[in-house]
1. By a straight-distance test (C-alpha under 12 Å), which aspartates and glutamates pair with residue 202 as possible cross-link partners, with residues fewer than eight away in the same chain excluded?
2. Mind grabbing the base-10 log of I(q)/I(0) for the chain at q = 0.15 Å⁻¹? Debye formula, identical points on the C-alpha positions, no solvent, two decimal places.
3. Under unit Cβ charges (Lys, Arg +1; Asp, Glu -1), what dipole magnitude, rounded to 20 debye, does the chain have relative to its Cα centre?
4. Mind ordering 53-62, 38-47 by average Cβ neighbours within 10 Å, highest first?
5. In degrees, nearest 10, range 0 to 90: what is the angle between the Cα axis of helix 93-106 and the longest Cα principal axis of the chain?
6. Which percent, to the nearest 5, of DSSP beta bridges fully inside the chain are antiparallel?
7. What list of ³J(HN,Hα) values in whole Hz, one per residue of region 183-192 in order, does the Karplus curve 6.51 cos²θ - 1.76 cosθ + 1.60 (θ = phi - 60°) give from phi, with Gly and Pro shown as x?
8. Please work out the ratio of the alpha-carbon Rg of region 20-69 to 2.2 N^0.38 Å and round it to two decimals.
Amino acid sequence: TRSTRPQRLLKAVRKRATQGDPQSVISAIDHFCRHSEWAMNVGDEKGSILDSVVSELNPEKVLELGTYCGYSTVRIARLLPPGARLITLEFNADYAAIARQVIAWAGLEDKIQLVEGASEDWIPRMKEHFGIETFDFVFLDHWKHRYLPDTKLMEDCGLLRKGTVLLADNVICPGVPDYLEYVRNSLSYKSCYFKSHLEYTKAEDGLEKSVFLG
Ligand SMILES: Cc1cc(-c2n[nH]c(CCNC(=O)c3cc(-c4ccc(F)cc4)cc(O)c3O)n2)ccn1
Ligand SMILES: [Mg+2]
């Protein structure tokens, strides 16, 4: 049967990227998505904004909601200090299987824990299952209708602390109007918008950075 797009993306990584070299994995995926097939990775333009937010924060405990093929997982993990940990949640088992192999090719398995399942099931189990107190940084890139309920769930589970940074992808396209309204009007967040483009296209999109004030 015909291969899937994530399988073809992984093939491109193996063909073009050097094992143990995260930057070459990032470049191989961007090349594949620009010249072969579009895929819903955060991409190079928004990825550079993600890089700057992570580099400035130097987080020890990171949560990513929505792994897909592991592109942003690799982008974030390659910048983390030794001993820092990234937990990434992926709902789709096929995506997760590809992401594990992309992460392995980049040589970043030691920093990353990929968990399969729905965010609403795993967020309440973070503390007891992973021994996590609070997260320093959360990258939201999963189902767009889950951004707001999962943010409220993270608040209720005590997973956010004064200064925790939430960075949300796709706030314009596909768009997360209810989430934006919440973080921009809530007294518990300081929010700002980084205007950019939908990955590999000219359409407007952007990232919303929101600092939890406690
Ligand atoms: C733990 C957990 C994880 C998930 C989960 N895991 N992986 C995802 C994928 C979610 N991502 C997207 O749907 C998405 C879509 C577009 C897009 C598509 C088509 C267009 F025309 C324009 C833009 C662009 C993007 O950048 C996106 O990120 N959800 C779900 C539930 N629970
Ligand atoms: Mg996205």
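The numbers here are math on the coordinates, done by the rules we state, and not lab data. Fair warning: this is a prediction, and the values are worked out from it, not measured in the lab. Cβ sites come from the backbone with ideal geometry, for glycine too, and all protein chains shown count toward neighbours.
1. By straight Cα distance, residue 202 reaches 45.
2. -0.92
3. Working: 27 positive and 30 negative charges, 106 e Å.
Rounded to the nearest 20 debye, it is 520 debye.
4. On the way: 53-62: 17.0, 38-47: 20.9.
Final packing ranking: 38-47, 53-62.
5. Tilt of helix 93-106: around 70 degrees.
6. Working: 13 of 32 bridges.
Around 40 percent of the beta bridges assigned by DSSP in the chain are antiparallel ones.
7. 3J(HN,Hα) across region 183-192, in whole Hz: 5, 7, 10, 6, 6, 8, 9, 10, 10, 8.
8. 1.26
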